[in-house]
1. Have a look at B:F97, B:F83 and point out the one that is surrounded by fewer than 24 Cβ atoms within 10 Å (Cβ to Cβ) and among the aromatic types (F, W, Y).
2. Of (1) part of a loop (DSSP other than H, G, I, E, B); (2) surrounded by fewer than 16 Cβ atoms within 10 Å (Cβ to Cβ); (3) under 21 Å from the mean Cα position of the chain (by Cα), A:D233 satisfies all except one. Which?
3. Does region B:115-136 hold any residues that are aliphatic (A, V, I, L, M) and either in contact (Cβ under 8 Å) with a residue 60 or more places away in the chain or assigned to a strand (DSSP E or B) (or both), and which are they?
4. Among what's in region B:75-88 and is at the interface with chain A (Cβ under 9 Å from one of its Cβ atoms) and touching a helix residue (DSSP H, G or I) at 6+ places or on another chain (Cβ under 6 Å), pick the residue that is farthest from B:I142 (Cα to Cα).
5. Is it fair to say B:L59 is in contact (Cβ under 8 Å) with a residue 24 or more places away in the chain, closer than 21 Å to B:V250 by Cβ and touching an Asp or Glu at 6+ places or on another chain (Cβ under 6 Å)?
6. Here is a list: A:R18, A:R46, A:R29. Which entry is of a type in the set (K, R), surrounded by fewer than 21 Cβ atoms within 10 Å (Cβ to Cβ) and either at pLDDT 95 or above or under 19 Å from A:V270 (Cα atoms) (or both)?
7. Tell me which helices (runs of 4 or more DSSP H) are completely within region A:266-379 and hold 3 or more residues being crowded, with 19+ Cβ neighbours inside 10 Å and away from chain B (no Cβ under 14 Å), or say none if there are none.
8. Being away from chain A (no Cβ under 14 Å), of a type in the set (K, R) and either part of a loop (DSSP other than H, G, I, E, B) or touching a Lys or Arg at 6+ places or on another chain (Cβ under 7 Å) (or both): is that true of B:R241 here?
Number of protein chains: 2
Amino acid sequence: MLEAFAFRLIATDAAARRGEIATPHGLVRTPAFMPVGTQATVKGLRPADVRAAGADIVLANTYHLMLRPGAERVARLGGLHRFMNWPHPILTDSGGFQVMSLAALRKVTPHGVTFRSHLDGTMLELTPERAIETQALLGADISMQLDECVRLPATRAEIDRGVRLSLAWAERSKRAFAGADPGRALFGIVQGGDDEASRNESAKGLVDIGFHGYAIGGLAVGEPQEVMLAMIDEVAPVLPRGCPRYLMGVGTPDDLLQAVARGIDMFDCVMPTRNGRHGVAFTRFGPINLRNARHADDARPLDAESACAAARDYSRAYLHHLMKANEVLGGTLLSTVNIAYYQQLMQGARDAIEAGCFADFRQHIEAGWRQGDIPLAGK
Amino acid sequence: MLEAFAFRLIATDAAARRGEIATPHGLVRTPAFMPVGTQATVKGLRPADVRAAGADIVLANTYHLMLRPGAERVARLGGLHRFMNWPHPILTDSGGFQVMSLAALRKVTPHGVTFRSHLDGTMLELTPERAIETQALLGADISMQLDECVRLPATRAEIDRGVRLSLAWAERSKRAFAGADPGRALFGIVQGGDDEASRNESAKGLVDIGFHGYAIGGLAVGEPQEVMLAMIDEVAPVLPRGCPRYLMGVGTPDDLLQAVARGIDMFDCVMPTRNGRHGVAFTRFGPINLRNARHADDARPLDAESACAAARDYSRAYLHHLMKANEVLGGTLLSTVNIAYYQQLMQGARDAIEAGCFADFRQHIEAGWRQGDIPLAGK
């Protein structure tokens, strides 16, 4: 068992970074994309298949798990790694974002958030201390502070109030985290909406408190990509070089490369799995919507050169058929294709950063996306 | 490519038979259980996983596939084996049963069945000739005659009318099948409801026409098990020893062993996959319903001694959680467990028949089911 959480910067290429995080359950190669295992399952996929697709770490949602099956129950059963048969690194969020987006009757006070469970209506309370305790019961390798995500658009005053509350909760989170098992880590979350000065204040405040890593939250919530990138540009230079930076809830393949270029080390997003379930494959040709009628007679695979078997072994016509027929296998195969593609993208980025050619790598990838899918001959 | 369909009887033990069917896409060890791949997919499972669970052959439903994606389309795409990435034996049914159970406005005449597609309301016709042609377009290794399943309860007159119609359609099916690619096979289907004499007449009539194999249809439709077994007892001695006997739509693990004891060689049933999706696992302890609250805190796997990884690697508590959380992985894992259990049961039967100890094997298996699940200590 590892004695300390560690982040090692292996290489840089301009602002892009290639690194490695050591956790009690193994290594995470960065930049890293974390598939989302919301309810202790990356939807439809066996853990071994998630691993085989290249993932080093998954994210699990504390909000869902505290409601069902319950954090104490997971602890009694030996912890989340064992529960979900994923004996590799796990990052849990604090529950804060989903309390705000999923629960009813949410009331935020300086003490915490009271809310009504969307499952059975029970009134519950989530405080920084309870969020830390819950994540400890789950046994997460990396935990997140409870923060407040202020909904955009918001006034400067609302944004700053949120920044101050999140910083107060960051302090309380760190205090509650003292005494955590060796090797477990706690990340702070930079808030500040779409305001550079607020983002700056939030980041500096967190660095003063001191965390193992720093997340940038409250983005990828509908704002234009350039706003998100501007906030990263504002915040990244403030964060310590020797700690990982985690851009929460991001994103498209393009978002990922843009953010890697700006010094982000970690990502999580439901997009590859959610879009997969809805029939969209992410590929080197860009996104392909298998529900489109143009695939109905296409015997070609998604990508004959993919390292992912699901992208090679099934025709587009078959994938189209599965989606139209509402067959589970369709969503599962496309989720696998997408997780694998995201992992291949990150692996390509890591290799390119180490080789000092990340800009060329990006250009090459983007050129493939721009060229788009090759139509079936004669169509 | 095999030049002729062949069935080889390897061993017998009382009325039970151990055999081997040779088809253009490989061998089928009998007794064999065929997972059902209704819409060209065994729901939720990758073909490789179905194969790894021990299946030699799957069934695909002609009714569904003729409607979507269409048999001509499947043929253009290279046939069903390629379409669904299952390069092993495939048996297709004729579409007759599901036309009767799924389509609207069904009208049966001596010519065939006209019906309205449940998908888009198109009026279509299924005749013995069209059923043979459709299955040829799909490229099935084993095809079934179009038959009429008379709904029970029915009068003797209705049953006999159905027997005569099915025999007339059997003759037309065989004529339409002439000229099929070498190695492809056609089975006749014994009807006759729950009447011994009708069953006898149907079986003899089919044998006179002559098929590669003989199915017993129109059972496992709600009648008591003893009625089903009585019909098998009536029919099996009439059927040629050197041809496979296929009991359609059967059944529970107990049904399978009872029918194997009576000389049945092949089975198909949605039960392992459908029940899996609904949270029920078939195990050597009998069926276990993972939705039951007694599993919520049970850290034990379904069966630590199972050859199936899904039955070993996940706790009952986790499987329970997945089902309660409506997570796709739950149904997929339990479907895998169940297909594997059914295949293990058939493998055990085959081995026992070869070793001349099938009766002992049955007793041992049944004792395990009778003993039932071992409760969690202290509960």
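The values are calculated or read from the model by the stated rules, or taken from the named source; none is laboratory data. In this text, all values refer to a predicted model and were calculated from it rather than measured experimentally. In this analysis, Cβ positions are derived from the backbone assuming ideal geometry, glycine residues included, and neighbour counts consider all displayed protein chains.
1. Only one candidate passes the filter, namely B:F97.
2. (1)
3. B:M123, B:L124, B:L126, B:A131, listed by residue number.
4. B:L77
5. Considered against the rule, which asks whether it is in contact (Cβ under 8 Å) with a residue 24 or more places away in the chain, closer than 21 Å to B:V250 by Cβ and touching an Asp or Glu at 6+ places or on another chain (Cβ under 6 Å), B:L59 comes out as yes.
6. Going through A:R18, A:R46, A:R29 in turn, just one is of a type in the set (K, R), surrounded by fewer than 21 Cβ atoms within 10 Å (Cβ to Cβ) and either at pLDDT 95 or above or under 19 Å from A:V270 (Cα atoms) (or both): A:R29.
7. Working: elements: A:271-277, A:309-313, A:316-324, A:328-355, A:358-371.
Here the list reads A:271-277, A:328-355, A:358-371.
8. Here the answer is yes, as B:R241 does meet what is asked.
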